[in-house]
Amino acid sequence: MTTVKEKSPEVSVTPPVDAGNGLKTQEMVVNMGPQHPSTHGVLRVQLTLNGEIVVKAVPHIGYLHRCFEKHSEEMDDYTKVIPYVDRMDYVAAMSNELGYAIAMERMMDIQVNDRVEYIRVIMAELQRIASHLLAVGTFGLDIGAFTPFLHCFIEREKILDIFEKASGARLLYNYIWVGGLMNDVPADFKKDTAAFIKSFRPQIKELNDLLSDNKIFVERTANVGVLPEKVAINYGVSGPSLRGSGVKWDLRRDDPYSIYDRFDFDVIVGEGRMGTVGDCWDRYIVRVWEMEESLKIIEQALDQMPDEGDVHEAVPKKIRPPAAEIYCRTETPRGELGYYIISNKKTSPYRVKARAPSFVNLSVLPAISVGAMVADMVAIIGSVDIVLGEVDR
Amino acid sequence: MKSTEEIHKLLVDQFGEETLEYKPDEKVDPWIVVAAGKIQEVAKFLRDETGLRFDSLMCLSGVHYEKEEQLGVTYHLASTSEKHKLTLKVLMPQEDAQVQSVEQIWKTADWHEREAFDMFGIRFEGHPDHRRILCPDDWEGYPLRKDYKVQEFYRGMKVEY
């Protein structure tokens with residue numbers, strides 16, 4: 001018989017011990033969060049400290065829990081779920097929509113035309129860059145580097161402008177629909193995107209000069225929070241956090257969806273250039289170089305994108321899928337986002353479960369923070385790049 | 001790379017017919033139903049056996065089958081080296097939903113099992129930290145069950161919705 005704990009375990013602190021010099025030491029429990037600028041939202045990590053060393057870290061989540069899964073069941077329309085998935089990972093809403101749309105299309109056997117596919121890929125990759133810019137910018141900010149954050153946000157703003165022109169919204173788009181898109185991209189979309197690529201590419205170099213090779217930044221992140229390959233896979237860590245540990249695994253390449261098999265790009269992995277493979281710096285640098293890879297994909301997609309095609313061609317009037325279930329995963333900026341959808345021939349899903357990458361990535365935190373200094377917790381949490389909207393759903 | 005049917009044959013050779021049931025489905029991928037008391041052994045075999053090597057648990061979801069009065073757990077497995085996928089299911093009666101934990105096999109299951117307990121009230125035997133994860137510890141009921149009724153008050157506060 002399992003014992004179910006009705007309450008969180010009582011905080012037990014070991015009694016004071018003699019340090020040997022006439023003084024006594026004792027472990028201390030510190031709550032980091034829920035209101036803490038570097039937890040990137042409302043996360044509480046209960047830290048047990050021995051002096052400055054972390055003995056134990058217990059994350060407490062759920063502060064943002066809205067139970068989107070229950071809402072989805074009662075929406076009475078599959079399309080109405082899309083605004084809800086936007087609000088999971090609210091800094092990468094396009095990627096969430098794409099995952100959901102692909103899952104539903106597979107379930108209903110809908111084929112979308114090439115123009116839709118290319119627009120989707122461009123949007124998803126722009127979103128990846130925007131999300132990574134936010135991730136590396138705020139990561140630098142956590143460590144104490146203020147300027148790179150501003151540079152990143154200037155660039156991110158340009159991407160949001162492109163999104164705004166297409167969808168009317170800056171963060172939560174409801175743009176990618178099941179079977180198509182909300183509307184076609186504006187006439188100067190190609191021009192805008194090409195201009196962004198041109199202006200952004202030199203900025204990656206500047207970011208490297210400002211932050212990646214910065215001595216203070218390297219000292220704070222190299223050899224900190226090392227996540228070994230085996231541990232990462234066993235915990236189900238995915239995305240840049242997994243690749244930072246040296247695992248060449250990217251769903252865009254290893255389990256292709258949409259039209260990703262048509263593009264030529266590299267999977268960036270951490271190599272331990274500044275310290276150990278899988279440290280905070282590796283997770284950071286993977287994100288930086290992935291932006292470059294995303295630029296490559298966007299460039300190829302802009303070249304290949306057909307000018308003709310109705311984006312509403314395959315949008316079904318009413319979605320009523322056959323009784324079936326599907327698990328479909330896509331690579332979002334944070335990792336593997338899976339949707340497990342069960343339908344029972346009704347107009348609302350019987351069950352929607354989102355396997356959120358941040359939720360799984362955060363669960364590795366207790367394993368990699370034991371033995372770290374308390375100040376390094378900020379670096380470790382920042383390097384895993386969580387979005388609490390997605391952790392708590 | 002192996003299909004679900006081949007994997008099912010391997011599992012039957014190892015564990016016998018009665019613990020496993022193969023469910024082909026023309027719409028989507030087939031799945032295997034495993035007995036609730038056997039899932040840990042089956043999971044360990046799937047992870048460690050050469051040629052199978054399911055090293056990652058992609059997703060673990062609780063499901064409430066209202067008509068059948070059953071609760072279920074669905075395991076979506078993948079192998080990074082062999083590149084195959086597998087879906088396992090465990091079905092339990094609604095009143096006494098208990099299943100072995102696979103936390104010791106894939107650490108991903110740790111938080112996912114806590115979530116399934118939180119949302120459906122499924123108990124996972126042998127889970128080291130068995131408590132709610134998303135709802136407060138003293139929340140009443142299991143929100144994702146189909147017959148869930150929201151409590152009127154929580155600690156003296158009116159619950160909207």
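Considering only residues that are farther than 21 Å from A:Phe359 by Cα and crowded, with 24+ Cβ neighbours inside 10 Å, look in the range A:270-282 and name the one that is farthest from the other protein chains (Cβ to nearest Cβ).
Let us first name the residues in the range A:270-282 that are farther than 21 Å from A:Phe359 by Cα, namely A:270-277, A:281.
Filter once more, keeping what is crowded, with 24+ Cβ neighbours inside 10 Å: A:270, A:281.
Values: A:Gly270: 17, A:Trp281: 24 Å.
Only one residue fits best here, namely A:Trp281.
As a summary of the residue check, A:Ala93 satisfies the conditions (1) surrounded by fewer than 24 Cβ atoms within 10 Å (Cβ to Cβ); (2) of a type outside the set (D, E, K, R); (3) out of contact with any Ser or Thr (no Cβ under 9 Å at 6 or more places or on another chain) except for the one numbered (1).
Checked against (1) surrounded by fewer than 20 Cβ atoms within 10 Å (Cβ to Cβ); (2) touching a Lys or Arg at 6+ places or on another chain (Cβ under 9 Å); (3) not basic (Lys, Arg), B:Glu95 passes all but condition (2).
Taking the criterion of being surrounded by 17 or more Cβ atoms within 10 Å (Cβ to Cβ) and outside any helix (DSSP H, G or I), would at least one residue in the range A:105-125 satisfy it? Looking for residues that are surrounded by 17 or more Cβ atoms within 10 Å (Cβ to Cβ) and outside any helix (DSSP H, G or I), one finds at least one in the range A:105-125, hence yes. When B:Lys44 is tested against the conditions (1) at pLDDT 85 or above; (2) crowded, with 17+ Cβ neighbours inside 10 Å; (3) farther than 18 Å from A:Pro349 by Cβ, the lone failure is (2). The residue of the range B:66-85 that is farthest from A:Glu325 (Cα to Cα), among those that are more than 9 Å from every other protein chain (Cβ to nearest Cβ), in contact with a strand residue (DSSP E or B) (Cβ under 9 Å, 6 or more places away or on another chain) and of a type in the set (Ser, Thr, Tyr), is B:Ser79. Of everything in the range A:206-244 that is away from chain B (no Cβ under 12 Å) and small (Gly, Ala, Ser), the residue that is farthest from B:Phe54 (Cα to Cα) is A:Ser212. On the stretch given as the range B:104-161, residues that are surrounded by fewer than 22 Cβ atoms within 10 Å (Cβ to Cβ), more than 17 Å from A:Gly62 (Cα to Cα) and in contact with a Cys (Cβ under 9 Å, 6 or more places away or on another chain) total 0. Regarding A:Gly144, is this residue among the small types (Gly, Ala, Ser), under 30 Å from A:Ala375 (Cβ atoms) and surrounded by fewer than 17 Cβ atoms within 10 Å (Cβ to Cβ)? So A:Gly144 fits the description; yes.
Scan the range A:50-72 and tell me whether some residue there is among the small types (Gly, Ala, Ser), in contact (Cβ under 8 Å) with a residue 12 or more places away in the chain and assigned to a loop (DSSP other than H, G, I, E, B). The answer is yes, given that some residue of the range A:50-72 is among the small types (Gly, Ala, Ser), in contact (Cβ under 8 Å) with a residue 12 or more places away in the chain and assigned to a loop (DSSP other than H, G, I, E, B).
Take residues that are surrounded by fewer than 20 Cβ atoms within 10 Å (Cβ to Cβ) and tell me which of the helices (runs of 4 or more DSSP H) falling wholly in the range A:153-269 contain 3 or more. Don't jump to the end; show me each part of the working.
On the way: elements: A:189-207, A:215-221, A:229-235, A:240-243, A:251-254.
The helices (runs of 4 or more DSSP H) meeting that bar are A:189-207, A:215-221, A:229-235, A:251-254.
The values are calculated or read from the model by the stated rules, or taken from the named source; none is laboratory data. Since the model is a prediction, treat every value here as computed from it, not as a measurement. Positions of Cβ are generated from backbone atoms using ideal geometry, with glycine treated the same way; all protein chains shown enter the neighbour counts.
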